[in-house]
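Notes for the one structure printed next.
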Amino acid sequence: MSALASSNNRPETSVLVIYTGGTAGMAYNKQGELVPMKFEQIRKKMPELNQLNMHVEVVSLGEPIDSSNVTMADWYKMALLIQENYARYDGFVVLHGTDTMAYSAAALSFLLENLGKTVVFTGAQVPVGGIRTDARRNLITALEIAVARNPTAGTVRVPEVCVFFNDLLIRGNRAKKVESQQYDAFRSENYPPLARAGIELEFNDEQIRLLPAARLHTHQHLDERITLLSLYPGLTERMIRAQLEVEGLRGCVLETYGSGNAPTSAWFLNCLREARERGVQVLNVSQCEEGRVIQGRYETSAQLTDLGIIGGDDITREAAIAKLMFVLGLGRSAAETSRLLTHNLRGEITLG
């Protein structure tokens with residue numbers, strides 16, 4: 001763990017930066033490819049870090065990696081680092097690659113139950129050494145948000161796992177990467193931003209979750225025995241069975257059309273029925289970026305409810321995968337598992 005200097009000999013706040021890698025911390029190798037670099041190299045390119053009126057320490061998750069290589073083991077490590085350092089720091093920033101940032105933020109939101117401090121995921125579209133990099137602004141603002149306090153109550157302003165990118169603070173399990181060539185890489189189509197960064201930080205306090213009444217509880221088990229089945233015209237029974245009949249399968253995120261619609265073919269419904277009879281939990285998620293699943297609104301979704309398939313409301317694909325892994329990992333009964341999947345656990349869905 002390394003410390004960054006502060007402009008104040010006695011800074012009032014402290015942040016732990018968990019460095020995983022990603023574009024923000026990449027440089028070009030001799031072959032012209034972007035590869036991760038050590039955080040010490042990043043610090044040399046960002047002298048403004050030394051001007052912050054806060055104590056900042058950095059810990060690397062391990063060797064820096066491209067976020068395409070992030071695994072569940074990395075999620076456990078992040079959660080454990082936050083738990084072990086929870087009392088020592090006022091907030092946390094996770095410097096992470098953009099490709100899987102929404103998955104990681106969603107996973108951490110479930111693993112960190114009763115979170116009472118701010119965990120901000122951020123990164124960049126352009127490496128920190130680039131002339132038009134967005135890494136500096138994103139990281140500096142994420143650090144400020146991590147220690148933000150309510151001006152009247154003096155409490156933590158954003159007790160959530162969130163994503164900060166291109167002047168928007170988004171709930172972590174509502175974030176979705178939508179852009180690879182522009183700076184506004186992340187959006188939250190079904191939930192308002194938690195804050196906007198202009199000349200000042202403007203917080204949307206009504207949309208931020210309240211401080212928990214209980215102490216932090218860090219979970220360390222997700223069930224990876226799930227699959228993602230995305231529907232498209234021409235999908236065959238053979239392909240569906242190849243996914244749903246995998247030995248040991250416990251869950252499936254089913255990406256359907258529109259408000260949760262799916263084919264009414266007998267063979268298709270039979271595939272789902274047989275999977276449910278084997279105990280596979282199926283969570284219905286819309287392929288649309290906006291809107292929600294409303295099973296039964298059309299005939300093409302009414303039969304899904306009869307099969308015991310759970311409507312995912314307005315949850316994102318990324319959050320649905322993390323939630324299904326988390327709930328199955330709790331090892332509850334089938335009835336309790338179904339109930340938890342329909343329940344709003346961390347602000348990931350909007351009920352009603």
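Here are the numbers for the structure shown:
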| read-out | value |
| --- | --- |
| Considering residues of region 296-309 that are in contact with a Ser or Thr (Cβ under 8 Å, 6 or more places away or on another chain) and surrounded by fewer than 22 Cβ atoms within 10 Å (Cβ to Cβ) only, the residue modelled with the highest pLDDT | 308 |
| Single unsatisfied condition, residue 59 versus (1) modelled with pLDDT of 95 or more; (2) part of a strand (DSSP E or B) | (1) |
| Within region 84-103, tally of residues that are touching a residue at least 60 places away in the same chain (Cβ under 8 Å), under 19 Å from residue 322 (Cα atoms) and not in a strand (DSSP E or B) | 7 |
| Residue ranges of strands (runs of 3 or more DSSP E) in region 159-214 with at least 3 members on the phi < 0 side of the Ramachandran plot, under 16 Å from the mean Cα position of the chain (by Cα) and in the same structural domain as residue 111 (by TED's automatic domain parsing) | 161-165, 168-171 |
| Residue under evaluation residue 37, criteria (1) buried (at least 17 other Cβ atoms within 10 Å of the Cβ); (2) modelled with pLDDT of 90 or more; (3) over 20 Å from residue 180 (Cβ atoms), criterion not met | (2) |
| Any chance residue 243 is within 20 Å of the chain's Cα centre (by Cα) and in the same structural domain as residue 316 (by TED's automatic domain parsing) | no |
| Pair list, Cβ < 7 Å and 6+ apart or interchain, from region 194-211 residues that are over 16 Å from residue 172 (Cα atoms) and charged (D, E, K, R) to residues that are in a strand (DSSP E or B) and modelled with pLDDT under 95 | none |
| Given (1) surrounded by fewer than 20 Cβ atoms within 10 Å (Cβ to Cβ); (2) over 17 Å from the mean Cα position of the chain (by Cα); (3) of a type in the set (Asp, Glu), number of the condition residue 134 does not satisfy | (1) |
| Selection count where residues are small (Gly, Ala, Ser), surrounded by 24 or more Cβ atoms within 10 Å (Cβ to Cβ) and more than 25 Å from residue 114 (Cβ to Cβ), scope region 146-204 | 1 |
| Residue in region 250-266 that is modelled with the highest pLDDT, counting only those that are outside any strand (DSSP E or B) and either among the charged types (D, E, K, R) or surrounded by 17 or more Cβ atoms within 10 Å (Cβ to Cβ) (or both) | 250 |
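Residue-wise test of (1) touching a His at 6+ places or on another chain (Cβ under 7 Å); (2) among the acidic types (Asp, Glu).
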| position | (1), (2) |
| --- | --- |
| 56 | no, no |
| 61 | no, no |
| 84 | no, yes |
| 95 | no, no |
| 107 | no, no |
| 121 | yes, no |
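The values are calculated or read from the model by the stated rules, or taken from the named source; none is laboratory data. Predicted model only: the values in this text are computed from it and were never measured. Every residue, glycine among them, receives a Cβ derived from its backbone with ideal geometry; neighbour counts consider all protein chains shown.
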